[in-house]
Amino acid sequence: MVGLKEELLKSIWHAFTALDLDRSGKVLSHNLCTVLNVPHDPVALEEHFRDDDEGPVSNQGYMPYLNKFILEKVQGNFDKVEFNRMCWTLCAKKNLSKSPLLISDEDAFKVWVIFNFLSEDKYPLIIVPEEIEYLLKKLTEAMGAGWQQEQFDHYKIALNTSREGLSAWELIDLIGSGQFSKGMDRQTVSMAINEVFNELILDVLKQGYMLKKGHKRKNWTERWFVLKPNIISYYVSEDLKDKKGDIILDGNCCVEALPDKDGKKCLFLIKCLDKSFEISASDKKKKQEWIQAIQTTVNLLRAGSPPPHKEARQKRKELRQKLLAEQEELERQMKELQTANENKQKELETVRKQLEAAAARAAEEEKKRLQTQVELQDRFSLELEREKMVRQKMEEQVAQKSSELEQYLQRVRELEEMYKQLQEALEDEKQARQDEETVRKLQARLLEEESAKRAELEKWHLQQQQTIQMTEAEKQELENQRMIKEQALQVAMQQLEQLELERKEALEQYEEVKKKLETAANNTKSWKDKVAHHEGLIRLIEPGSKNPHLITNWGPAAFTEAELEQRQKSWKGKKATSE
């Protein structure tokens, strides 16, 4: 109820400050009781209302009556839009700019309500630059345009140099001037204002057309659905005039996707304790958006969290309060540092004066000290001259003694050097003898090893000579055999060539004979046909082959059997000779 009271007070403040003081309490109270559904008590009004009222934040006049007899009796069963419209009607005529605006009076009313929602909780009411930026971004996004951050930064700098924020009427002028909606028509700006109004004021989280399945007739009907933080209302159309029902949401509700059926697609189901609702979206994207939005709303109800835009406003306010507290703390620390700095400056000034006085005293003392020093220098100069003469004599004596001592030390060093050289010579001689003995032993061992290797090398030389002699004999024998085989191979090649020539000649003779036989066979066949035709029973007797028919690599009947046996014997003899 505290948050509701603060929201109501902002609208009431606008209405109260716009009315004349003489009649503000009575007129406003009557209208408030009417729109807030609170019984009107005129006696209490006359008793508590005074002419010295200083506004709704004072402790006298109208504020105590408003709290006790109106706001404390509000139950929340009233139309917020009608309440705001009543307050707007009382204050708009006096405060709304007379210059033409790009937005209608209805849009100006919605901007005024949004201002009350986003303004700071202190009077007179203003909206700070951060909330102005938030609102303009929401409108720009709703219009589908790009946000001009650089343009707003320039505007913010100009605004911060003059004041902390804007009043409701200045905000209406800013949006109505089209400074941040250039290129957009009035209808687009109006639709954007209405969308932001629905979200921030009416708590509309999502809205749109979908099909709903009836519980009794089981038919599908198109409805306009409106999702709010704890309820889904559905209407005949988007003008919201004919409401058909509500789906009450709580932490026990759930939403789940359904498969396509009965010719309907993009289905999902909302389950509540008493009922379940089957709904069909226009496409898969809308289906997913509605499921996600409803699930988010149910999760917020389970967690007991406010709607997202109210939670975001509260976080922005807390952040501003935190930054303001940090800034105040920083200013306090700066003031403390400045005070400490001033105190330090005073202390330094005091110390400087003390140092100046001490410097003056030190200068006087320095002057006296210098005079005393001059006198002492004169006295010491005489004593120094006497000491110089004495010291000169002593230095001459010391120089003479030093020369004698140096000569003695030089002789001692020469003797020590000679002793060291003698020892080094003895050590070198001893080492040389040891090295000589070692070399002698090494030479003896090397001579023995050389004799053994020489004997072994001579033995290997003899064996090598023997091997070479045997190899030469074998090589000569192999060379002879190779020559014999080459001669036999040449003879065989010659014979092979001769045989090839003979085979070709025999083949040519065979071809000629074959042609003659074919000619004779043709003639004989013609003659036989004629004889058979004339005589019928005459049968010619043809000569047969006396010898077996031989076939060789040179063709049929190239050689007789006797010639072939002779040739085989010749080949076997040549083969035995070559082996």
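Listed by first and then second residue, the pairs linking a residue in the range 17-31 that is assigned by the TED database to the domain that holds Phe69 to a residue that is at pLDDT 75 or above, with Cβ atoms under 6 Å apart and 6 or more places separating them unless they lie on different chains, are Ala18/Leu90; Ala18/Cys91; Ala18/Lys94; Ser24/Phe16; Leu28/Ala15; Leu28/Phe16; Asn31/Met86.
Taking Arg503, is it out of contact with any helix residue (DSSP H, G or I) (no Cβ under 6 Å at 6 or more places or on another chain), more than 18 Å from Gly573 (Cα to Cα) and touching a residue at least 40 places away in the same chain (Cβ under 8 Å)? It is true that Arg503 is out of contact with any helix residue (DSSP H, G or I) (no Cβ under 6 Å at 6 or more places or on another chain), more than 18 Å from Gly573 (Cα to Cα) and touching a residue at least 40 places away in the same chain (Cβ under 8 Å).
Of the residues in the range 292-300, none is assigned to a loop (DSSP other than H, G, I, E, B), of a type outside the set (Lys, Arg) and open to solvent by 80 Å² or more (accessible area, probe 1.4 Å). Evaluate the range 97-104: report whether one residue or more is outside the structural domain of Ala312 (by the TED database), crowded, with 19+ Cβ neighbours inside 10 Å and of a type in the set (Lys, Arg). No: the range 97-104 contains no residue that is outside the structural domain of Ala312 (by the TED database), crowded, with 19+ Cβ neighbours inside 10 Å and of a type in the set (Lys, Arg). When you scan the range 113-133, do you find a residue that is on the phi > 0 side of the Ramachandran plot and either at pLDDT below 90 or of a type in the set (A, V, I, L, M, F, W, C) (or both), even just one? Scanning the range 113-133, I find no residue that is on the phi > 0 side of the Ramachandran plot and either at pLDDT below 90 or of a type in the set (A, V, I, L, M, F, W, C) (or both), so the answer is no. When Ile270, Ile248, Ile232 are screened for being open to solvent by 70 Å² or more (accessible area, probe 1.4 Å), in the same structural domain as Thr296 (by the TED database) and among the β-branched types (Val, Ile, Thr), only Ile248 passes. Looking only at the range 277-291, residues that are touching a residue at least 40 places away in the same chain (Cβ under 8 Å), surrounded by fewer than 17 Cβ atoms within 10 Å (Cβ to Cβ) and part of a helix (DSSP H, G or I) come to 2 in all. Evaluate the following for Glu222: is it of a type in the set (Asp, Glu) and not assigned by the TED database to the domain that holds Lys284? No: the conditions fail for Glu222.
Summed over the range 9-40, residues that are modelled with pLDDT of 70 or more and not in a helix (DSSP H, G or I) total 6. Only one entry in Lys310, Lys243, Lys287, Lys275 is out of contact with any helix residue (DSSP H, G or I) (no Cβ under 8 Å at 6 or more places or on another chain), within 30 Å of Pro129 (Cβ to Cβ) and charged (D, E, K, R), namely Lys310.
The values are calculated or read from the model by the stated rules, or taken from the named source; none is laboratory data. Since this is a predicted model, take the numbers as computed values, not measurements. Backbone-built Cβ (ideal geometry, glycine too); neighbour counts: all protein chains shown. Side chains are part of the model used for accessible areas, which takes the heavy atoms of the whole protein and leaves out ligands, DNA and RNA. Shrake-Rupley method; radii C 1.70, N 1.55, O 1.52, S 1.80 Å.
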